[in-house]
Amino acid sequence: MRPIDFLLRAARRHPDKIALSGPEGALSYAELLAHTEALAAAFQALVPDPRGRIAICAGNHLAHVVSLFATLLAGRIWVPLNPRAGADELCRIVDFTEAALVIAEHEQAPKLEATGAPRVVYRPGALGTAPTDCELSALLAAHAGSRPAPVRHDLAEIQAIKFTGGTTGAPKGVMQSYRAWNTTIVSIMQAMRLDADERYLAVASITHGTSTFLLPVLGSGGTVLLPRSTRPREVLDQLEHDRVTAVFMPPTLIYSLLEDPTARGRDWSALRHFVYAAAPMRSAKIVEAQQVFGHVETGYGQTEAPAIISYMPVEDALDPRNLESVGRAALMTEVAIMDPAGALLPPGQGGEVVVRGDLVMSGYWKQPEKTAEAFHDGWLRTGDGGYLDERGFLFLKDRIRDLIITGGFNVYPTDVENVLGRHPAVYDCVVIGIDDDKWGEAVHAAVQLREGAACEAAELVAWVRERLDPVKTPKAVHFFDALPRTANGKASKKDARIEVLRRMGAGSETSTPHHATP
């Protein structure tokens with residue numbers, strides 16, 4: 001069974017039900033299938049190589065979803081391109097993967113002009129109308145009623161090449177197999193107990209975590225809703241008015257929703273799965289989200305083991321013991337903790353999180369050395385620190401390389417970030433290690449205050465000292481009007497550290513009283 005077969009089976013069972021709905025219109029399962037088949041036939045004609053790569057650079061539109069599904073049905077390899085990335089990065093990925101075709105939203109097309117790959121450009125709008133400025137709709141019209149030639153690949157063949165976020169160096173192309181995708185789909189369906197009443201709002205980017213939820217929701221007979229806007233107030237309006245049952249968001253977007261005073265007092269009775277993932281979320285914010293939205297859940301995964309290494313359903317999330325956990329291992333995945341020598345550790349002992357099973361990637365595209373480094377004795381080394389408790393719940397403790405060793409003591413940045421994040425003036429923060437003659441590394445904090453808030457560095461230092469200990473207390477606080485972020489919205493420790501070092505080199509260390517810029 002191929003990943004796309006989950007959609008094909010649902011289309012046979014629910015032909016007249018709305019499968020996909022967005023600002024441009026709605027498609028029933030039958031209509032979605034017809035568009036997908038026609039475009040898949042077109043892609044096979046344009047990309048004859050059965051292992052050809054098709055790169056897609058677009059926002060969350062009907063045309064993007066249909067193009068993705070058509071790529072899968074055509075038997076070609078999907079290469080998602082983050083529309084927030086710059087031209088150099090996008091062209092590097094297209095050239096590196098030797099993509100045979102690029103599908104680009106009109107706004108993104110200029111960033112891809114330097115590639116030698118053929119492009120199909122579209123403007124967001126209703127599908128199938130074939131306007132002269134929409135090459136994608138013209139392709140659909142030309143192949144209307146067509147079906148692609150049957151393609152059957154071994155489950156070990158590659159379904160997608162997805163690039164890592166690049167927070168610790170140049171992004172790597174992760175090869176995800178048909179088997180890994182099937183494992184992800186089944187694991188999500190089981191963990192979330194999805195059914196045909198599901199109404200999933202795909203508010204986060206399809207090029208990232210949102211894509212992993214599309215086929216589980218549609219395979220269950222549910223409906224995928226595309227956002228009318230990503231502005232916090234309008235996201236809240238759509239969640240409430242469209243009776244959304246499930247949504248996945250990164251913590252940064254959740255923080256913005258919680259800042260909106262209208263979030264409280266709305267009707268969230270339809271919302272069954274309010275899922276945060278893609279980055280750590282501070283415990284104080286988790287509690288606040290539970291108070292506002294109710295059904296808060298989380299999952300842990302990475303591009304190398306997509307979406308669902310572990311999962312925390314709402315009934316477990318409400319247990320105070322699990323507040324900082326990312327749940328237990330998913331249905332078809334093994335999770336363990338490994339020490340630097342490669343030995344597996346017992347419950348309660350910290351080390352590197354390792355994973356094995358059908359979820360795991362096939363390797364990095366054209367980087368066999370990096371692939372070999374990522375595995376030990378059949379286990380994928382995630383690069384994340386953590387531990388398992390006696391009940392099997394997984395607790396993460398930062399990226400291994402983010403560990404700060406100060407005065408001979410280990411400091412996990414998330415421990416400090418969780419405490420700083422509980423201060424009423426703090427909107428977001430990252431904690432980093434800076435080389436220090438006395439301590440080896442010194443703990444520094446980069447802080448973004450809430451809009452309109454005022455705070456002194458000394459106040460934040462005292463706040464941490466009272467709740468942790470002197471070793472974990474920041475030696476300096478650096479205020480940012482806006483923390484630097486990666487292309488997928490994560491606060492970037494790497495870029496924050498670069499800016500902190502620049503300020504320190506210029507003699508302008510920011511540890512003075514500070515006011516957030518409105």
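The values are calculated or read from the model by the stated rules, or taken from the named source; none is laboratory data. Since the model is a prediction, treat every value here as computed from it, not as a measurement. Neighbour counts are summed over all protein chains in view; Cβ atoms, including those assigned to glycine, are modelled from backbone coordinates with ideal geometry. Quick note on the areas: whole protein, heavy atoms, side chains included, nothing else; ligands and nucleic acids left out. Shrake-Rupley method; radii C 1.70, N 1.55, O 1.52, S 1.80 Å.
Points worth noting:
- Segment 1-114 - charge dipole about Cα centre, Lys and Arg +1 at Cβ, Asp and Glu -1, debye rounded to 20: 500
- For the chain, with +1 on Lys and Arg beta carbons and -1 on Asp and Glu, the positive-most of 102, 23, 378 along the dipole: 102
- With a cut-off of 20 Å on the backbone N, the residues of segment 286-318 near the modelled label site 7 Å out from residue 1 along Cα-Cβ are 306-309.
- Summed side-chain charge close to residue 424 - residues other than residue 424 whose Cβ falls under 15 Å, Lys, Arg +1, Asp, Glu -1: -2
- Restricting attention to the chain, close to 60% of DSSP beta bridges with both partner residues there are antiparallel.
- Cα gyration tensor shape for segment 146-225, rounded if a/c is under 1.5, else prolate or oblate: oblate
- Against the main long axis of the alpha-carbon atoms of the chain, helix 29-46 sits at an angle near 80°.
- Unit charges on C-beta of K, R, D, E only; dipole of segment 198-335, Debye: 220
- Proximal charge balance of residue 74 [Cβ under 13 Å; K/R count +1, D/E count -1]: +4
- Lys/Arg +1, Asp/Glu -1 at C-beta; the chain dipole; positive extreme among 68, 86, 269: 68
- Pairs from 370/472; 285/490; 366/494 whose Cα-Cα separation, in the structure shown, is over 23 Å: 370/472; 366/494
- Packing-based ranking, highest mean first, of 138-145, 205-212, 302-309 given that Cβ atoms within 10 Å are counted: 302-309, 205-212, 138-145
- Simple Cβ-charge dipole of the chain, Lys/Arg +1 and Asp/Glu -1, about Cα centre, in debye nearest 20: 660
- Per residue, the chain reaches -9000 deg cm²/dmol at 222 nm when only DSSP H runs of four or more residues are counted, each adding -39500 (n - 2.57).
- Shape category assigned to segment 39-165 from the gyration tensor of Cα positions, a/c cut at 1.5: oblate
- Each part gets one Cα centre, and for segment 230-256 versus segment 144-216 those centres are 22 Å apart.
- Three-way shape label, segment 237-359, alpha-carbon gyration tensor, a/c 1.5: prolate
- When all protein chains stay in place and ligands, DNA and RNA are ignored, the 1.4 Å accessible-area order of 439, 463, largest first, is 439, 463.
- Crossing angle, helix 178-192 versus the chain [Cα axis fit, 0-90 degrees, rounded to tens]: 70
- For the pair residue 481 and residue 465, the difference between a 0.36 nm per residue extended length and the Cα-Cα distance amounts to 3.3 nm.
- One decimal place: the segment residue 453-residue 341 gains 35.6 nm when fully extended, by the rule 0.36 nm per residue minus the C-alpha distance.
- A simple spin-label model places pseudo-atoms 7 Å from Cα toward Cβ; at residue 259 and residue 372 they are separated by 4.7 nm.
- Residue-count net charge about residue 192 - beta-carbon cut-off 15 Å; Lys, Arg +1, Asp, Glu -1: -2
- A simple rule links phi to the HN-Hα coupling: the Karplus curve 6.51 cos²θ - 1.76 cosθ + 1.60 with θ = phi - 60°, which for segment 6-21 gives 4, 6, 4, 5, 5, 5, 5, 7, 10, x, 9, 7, 5, 9, 9, 9 Hz, with x for Gly and Pro.
- For the chain, the longest principal axis of the alpha carbon atoms and the long axis of helix 457-467 meet at an angle near 90°.
- When the alpha carbon gyration tensor of segment 342-452 is reduced to an equivalent ellipsoid, the three semi-axes, largest first, read 30, 17, 17 Å.
- Coordinate range along principal axes, alpha carbons of segment 207-261, Å, largest first: 36, 24, 15
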